[in-house]
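Visitor: Below: one structure in structure tokens.
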Amino acid sequence: MASVKSNACDSVRVGRKVSVGAYTGFARYVGPIPGTEDIWVGVEWDDPNRGKHDGIHDGIRYFKTLHPNGASFVRLEKVIPNSISFITAFRSKYGQDFDDNVHQEIMALMKQSKMASFELVGMQKIQKKQACFDKLIDVSLSHHGITDAGEPDEIQDCCPNIENLELCNNCFTDWETVSEITRQLKHLTTLNLSFNTIDLPKEINPHFKECFKCLKKIILGKLNYSWHEIMTLSEAFPVLEMLEVPDNNIDRLERPSVAMENILYLNLENNSLSWQEINKLRFLPKLECLNVNRNGIKDIQIVPSSFPSLKFLMISDNDLLYFESLCELNKLPTLCSLRIQNNPLLKGMSVSNYTLQIIARIANLTMLNGTMITLKERQNNERDFLKDLDMIWHRQLKSAEERAEFLTKHPRYMELIAKYGSDYSEDLNTSNKIKTIKVRIVNFCKESNTEKDVIIKTLPITMTLNRFKDLGKRLFGLGNRQLEFSYVTKEKPDIEYPMENMNQTLDYYSVEDGNTVLIKW
């Protein structure tokens, strides 16, 4: 009896289509319920009015349904798992490619009337629908409870030209079933199998390579595969270029196998990987795009000669704490695009401020968080960054040890000196204290020609217009508005002096104590 229950448990899996008497639904839970000795199946009924609850029993939630009374708990022995073929699911979504009843009626009428024209019209309608299926390239059959490939070759007879196929959240249990589907799709290049429970084969069947011979992209999200298992499986995909394995609880990597040498894009999002583990991928010769968002990464240390082809790095929503990690990214020889939102090191910083800090540290970056970096922006940010470093170098560092530590922390300093030269100068007869001025800052709306807000601030005369813009945005909440800057003096209040070069300082424009600076939008 125990063996029967065990076999039933194996066949009735979560997500599988089931029947209970004349009624059908999907299994959403299979297991015990406290206070009983039986194994129960939580069924979400196709008829949303048949059930008694939405997955809660005695205050415990076992699953969640779309409708408040869409579910019931049924004893395991009363539940019959349904077999749903690929074509059954396909027809339920995309329409019947033929209707047996209609076809039989056509044949009967043909025999009675002997009308060839009737045969032609009837068959034309069928052929027209079948021709539409022939044209389907993108097909999504997620959440359809598919269990098997169906009759031999019926997929290739119905819809042979599918290139992109989504089969998420179905009821596949083995790769043999998946391979039988893909074998019939000679043009398949993209396959999404996320949210299935597919047991890995003990060894890769040699015929798999033929079944996946055109597959260039595969998505295996939340299958709970280890990296070693993923590498083993990748041997079945001879031309694979894009591999996505998010949400697999991966916390260990290995040096990639030869089978992965053609990978161009790798998605490891929402796993549990440190950069120390990610470094094990550095030998992938063609890898151009790497997504390691949401992995809890705290720091980055690049091993020399790493990631020779990496152009695009996504590392948002991690736990990066220090800008030294960005200096490390400058060691990647081909990195040109970076996404790095929602990391602690950027917390509290304005967009323009952290943009300066990132651009100045990574020499080849041309795209940051989806925004293009112009040559002028790079030059302005690097000059501002250099000016700050110059001040520290000349005013705060006294010993060779301090300067060596500084160069370790800011490895681009000497490179920027060579690129722009040093503008640092200091009058030895004056103190090191930076001169400040008190100015009246006006938030001015051009459309209404009115002053919205006025704030008096004491500012260093060495403040650049770029930094003044950041200050103005914070003071007045100006967001991403396009701003213009000018100033007026007490002596000539009717004359506005424009300030256009964002890299220049307040003293460059001769802004003095008591002047009014206008921020116009």
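The values are calculated or read from the model by the stated rules, or taken from the named source; none is laboratory data. In this text, all values refer to a predicted model and were calculated from it rather than measured experimentally. With ideal geometry, Cβ positions are generated from the backbone for all residues, glycine too; neighbour counts draw on all protein chains shown. Remember, those area values only see protein heavy atoms, side chains included, never the ligands or the DNA or RNA. Shrake-Rupley method; radii C 1.70, N 1.55, O 1.52, S 1.80 Å.
Visitor: I need every pair where a residue in segment 255-270 that is farther than 12 Å from residue 309 by Cβ and modelled with pLDDT of 95 or more has its Cβ under 8 Å from the Cβ of a residue that is of a type in the set (Asp, Glu) and open to solvent by 30 Å² or more (accessible area, probe 1.4 Å), sequence separation at least 6 or different chains.
Guide: Final answer for the pair search is 269/247; 270/247.
Visitor: Looking at segment 39-155, what helices (runs of 4 or more DSSP H) fall wholly within it and have at least 1 residues that are acidic (Asp, Glu), under 34 Å from the mean Cα position of the chain (by Cα) and at pLDDT below 90? Don't jump to the end; show me each part of the working.
Guide: Working: elements: 86-94, 100-113, 116-135.
Where helices (runs of 4 or more DSSP H) fall fully within segment 39-155 and carry at least 1 residues being acidic (Asp, Glu), under 34 Å from the mean Cα position of the chain (by Cα) and at pLDDT below 90, they are 116-135.
Visitor: Next question, about the same structure. Check segment 369-379 and report whether any residue there is at pLDDT below 90, among the small types (Gly, Ala, Ser) and open to solvent by less than 50 Å² (accessible area, probe 1.4 Å).
Guide: Within segment 369-379, not a single residue is at pLDDT below 90, among the small types (Gly, Ala, Ser) and open to solvent by less than 50 Å² (accessible area, probe 1.4 Å).
Visitor: Just checking, how many residues over segment 148-175 are touching a helix residue (DSSP H, G or I) at 6+ places or on another chain (Cβ under 9 Å), crowded, with 18+ Cβ neighbours inside 10 Å and without any contact (Cβ under 8 Å) to a residue 60 or more places away in the chain?
Guide: 4
Table: residues versus (1) in contact (Cβ under 8 Å) with a residue 40 or more places away in the chain; (2) touching a helix residue (DSSP H, G or I) at 6+ places or on another chain (Cβ under 6 Å); (3) loosely packed, with under 15 Cβ neighbours inside 10 Å; (4) over 26 Å from residue 388 (Cβ atoms).
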| position | (1), (2), (3), (4) |
| --- | --- |
| 454 | no, no, yes, yes |
| 458 | no, no, yes, no |
| 474 | yes, no, yes, no |
| 488 | no, no, no, yes |
| 503 | yes, yes, no, no |
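Visitor: Can you name the condition, by its number, that residue 70 falls short on among (1) open to solvent by 20 Å² or more (accessible area, probe 1.4 Å); (2) out of contact with any Ser or Thr (no Cβ under 7 Å at 6 or more places or on another chain); (3) over 25 Å from residue 173 (Cα atoms)?
Guide: Condition (1) is where residue 70 drops out.
Visitor: Out of the residues in segment 315-326 that are surrounded by fewer than 20 Cβ atoms within 10 Å (Cβ to Cβ) and at pLDDT 95 or above, which is farthest from the chain's Cα centre (by Cα)?
Guide: Step one: of segment 315-326, the residues surrounded by fewer than 20 Cβ atoms within 10 Å (Cβ to Cβ) are 316-317, 319, 321-324.
Then drop every residue that is not at pLDDT 95 or above, which leaves 316-317, 319.
Details: 316: 9, 317: 10, 319: 17 Å.
Looking at residues that are surrounded by fewer than 20 Cβ atoms within 10 Å (Cβ to Cβ) and at pLDDT 95 or above, I get 319.
Visitor: Name the pairs whose Cβ atoms lie under 8 Å apart, with the first residue in segment 185-205 and under 17 Å from residue 223 (Cα atoms) and in a loop (DSSP other than H, G, I, E, B), the second open to solvent by 50 Å² or more (accessible area, probe 1.4 Å) and of a type in the set (A, V, I, L, M, F, W, C), and 6 or more positions between them or separate chains?
Guide: Qualifying pairs under 8 Å: 197/14.
Visitor: For segment 335-344, indicate whether the set of residues that are touching a Phe, Trp or Tyr at 6+ places or on another chain (Cβ under 7 Å), open to solvent by less than 50 Å² (accessible area, probe 1.4 Å) and of a type in the set (Ser, Thr, Tyr) is non-empty.
Guide: Yes, that holds for at least one residue.
Visitor: Further question: Would you mind telling me which numbered condition in (1) open to solvent by 30 Å² or more (accessible area, probe 1.4 Å); (2) under 35 Å from the mean Cα position of the chain (by Cα); (3) not aromatic (Phe, Trp, Tyr) residue 405 fails?
Guide: (2)
Visitor: Pick from segment 190-228 the residues that are among the basic types (Lys, Arg) and at pLDDT 90 or above: which of them is nearest to residue 14 (Cα to Cα)?
Guide: Just the residues of segment 190-228 that are among the basic types (Lys, Arg), to begin with: 202, 209, 213, 216-217, 222.
Now restrict to residues that are at pLDDT 90 or above: 209, 213, 216-217, 222.
Values: 209: 30, 213: 31, 216: 30, 217: 27, 222: 14 Å.
Ranking the candidates gives 222 first.
Visitor: Being of a type in the set (Phe, Trp, Tyr), in a helix (DSSP H, G or I) and at pLDDT 85 or above is the filter here; which residues of segment 460-489 pass it? Talk me through it step by step, then tell me what you get.
Guide: Within segment 460-489, the subset of a type in the set (Phe, Trp, Tyr) is 468, 476, 485, 487.
Cutting the leftovers down to in a helix (DSSP H, G or I) gives us 468, 476.
If the condition is that a residue be of a type in the set (Phe, Trp, Tyr), in a helix (DSSP H, G or I) and at pLDDT 85 or above, then 468 is the only one that fits.
Visitor: For residues that are open to solvent by 60 Å² or more (accessible area, probe 1.4 Å) and touching a Pro at 6+ places or on another chain (Cβ under 9 Å), scanning just segment 263-284, find the one that is nearest to residue 209 (Cα to Cα). Even if it seems obvious, please write down each step before you answer.
Guide: Looking only at segment 263-284, we keep the residues that are open to solvent by 60 Å² or more (accessible area, probe 1.4 Å), and these are 270, 272, 276, 280, 283.
Checking which are touching a Pro at 6+ places or on another chain (Cβ under 9 Å) leaves us with 270, 280, 283.
Values: 270: 29, 280: 26, 283: 24 Å.
Only one residue tops the list, namely 283.
Visitor: Given the conditions (1) touching a residue at least 40 places away in the same chain (Cβ under 8 Å); (2) closer than 28 Å to residue 501 by Cβ, report the number of the one that residue 385 does not fulfil.
Guide: For residue 385, the exception is condition (1).
Visitor: Give just the number: which of (1) touching a Gly at 6+ places or on another chain (Cβ under 9 Å); (2) open to solvent by 10 Å² or more (accessible area, probe 1.4 Å) does residue 196 not satisfy?
Guide: (2)
Visitor: Here is a further query. When the residues of segment 433-452 are filtered to those that are charged (D, E, K, R) and in contact with a Ser or Thr (Cβ under 6 Å, 6 or more places away or on another chain), which remaining residue is farthest from residue 391 (Cα to Cα)? Spell out the reasoning first.
Guide: First pass over segment 433-452, keeping only residues charged (D, E, K, R): 433, 435, 438, 440, 446-447, 451-452.
So of that shortlist, the ones also in contact with a Ser or Thr (Cβ under 6 Å, 6 or more places away or on another chain) come out as 438, 440.
Working: 438: 23, 440: 27 Å.
Ranking the candidates gives 440 first.
Visitor: May I pose another question? Looking only at residues that are open to solvent by less than 40 Å² (accessible area, probe 1.4 Å), under 14 Å from residue 81 (Cβ atoms) and out of contact with any Gly (no Cβ under 8 Å at 6 or more places or on another chain) in segment 20-33, which one is modelled with the lowest pLDDT?
Guide: Here the residue is 25.
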